[in-house]
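Participant: Sharing a structure, written as structure tokens. Questions coming.
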């Protein structure tokens, strides 16, 4: 499966587009970051962990996985 990462508050790439892409691919899982801002990877340890597990171990995130944005540093 393909892992699509989308952020709910991303003005540059709206979350609805991530939902549509995952549906159109047919063999995709949508990994969601709850929060504002562009991209999920740099803003959420949960997203990073899921992506690393997928790329290194081939572990696909569970369908419907939602991750919080990391607290501001």
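The values are calculated or read from the model by the stated rules, or taken from the named source; none is laboratory data. Just so we're clear, the structure is a prediction, and the values are computed from it rather than from any experiment. Counting neighbours? That spans all protein chains shown, and the Cβs are built from the backbone with ideal geometry, glycine included.
Participant: Which one is modelled with the lowest pLDDT among residues in region 1-35 that are within 18 Å of residue 55 (Cβ to Cβ) and part of a loop (DSSP other than H, G, I, E, B)?
Facilitator: So the residue we want is 1.
Participant: For residue 38, all conditions in the list (1) at pLDDT 95 or above; (2) in a loop (DSSP other than H, G, I, E, B); (3) surrounded by 12 or more Cβ atoms within 10 Å (Cβ to Cβ); (4) over 11 Å from the mean Cα position of the chain (by Cα) hold save one; what is the number of the exception?
Facilitator: Every listed condition holds for residue 38 apart from (1).
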